[in-house]
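The values are calculated or read from the model by the stated rules, or taken from the named source; none is laboratory data. Values in this document were obtained by computation on a predicted structure and should not be read as measured data. Because the Cβ atoms are built from the backbone with ideal geometry, glycine has one as well, and the counts that use them run over all protein chains shown.
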Amino acid sequence: MTTKELHEVDPFVSMESLREALAGVGVVLPSLGVDLGSPALKLVELGRVRADVAARLAEALRRGAAG
């Protein structure tokens, strides 16, 4: 992705896309949201999760990387 493409990414669309993808593998990040404090950076806040959720997320990423 080019720098220009990165600046065109909508953080709200990215957040919802991530939320849907995570839900598809049974992972919910309750604090997932857009960081409204620094709009120019277009940050998506992942927040904190319980250890079991972090383990499920790691496993989903491993499965995806292997496939």
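Please list, ordered by first then second residue, the pairs with beta carbon atoms under 6 Å, 6 or more apart or interchain, first in region 31-55 and under 14 Å from R19 (Cα atoms) and without any contact (Cβ under 8 Å) to a residue 40 or more places away in the chain, second part of a loop (DSSP other than H, G, I, E, B) and of a type in the set (S, T, N, Q). Between residues of region 31-55 that are under 14 Å from R19 (Cα atoms) and without any contact (Cβ under 8 Å) to a residue 40 or more places away in the chain and residues that are part of a loop (DSSP other than H, G, I, E, B) and of a type in the set (S, T, N, Q), the close pairs are G47/S31.
Which residues, counting only those in region 30-41, are in a loop (DSSP other than H, G, I, E, B), touching a strand residue (DSSP E or B) at 6+ places or on another chain (Cβ under 9 Å) and closer than 23 Å to L61 by Cα? Residues satisfying the conditions are S31, L32.
Scanning region 1-10 for residues that are at pLDDT below 90 and either in contact with a strand residue (DSSP E or B) (Cβ under 9 Å, 6 or more places away or on another chain) or of a type outside the set (A, V, I, L, M, F, W, C) (or both) gives T2, T3, K4, E5, H7, E8. For the subset of region 10-29 comprising residues that are under 9 Å from the mean Cα position of the chain (by Cα) and charged (D, E, K, R), which member is farthest from L61 (Cα to Cα)? By that ranking, first place goes to E16.
Looking across V53, V13, V49, one residue alone is modelled with pLDDT of 90 or more and not in a helix (DSSP H, G or I). It is V49.
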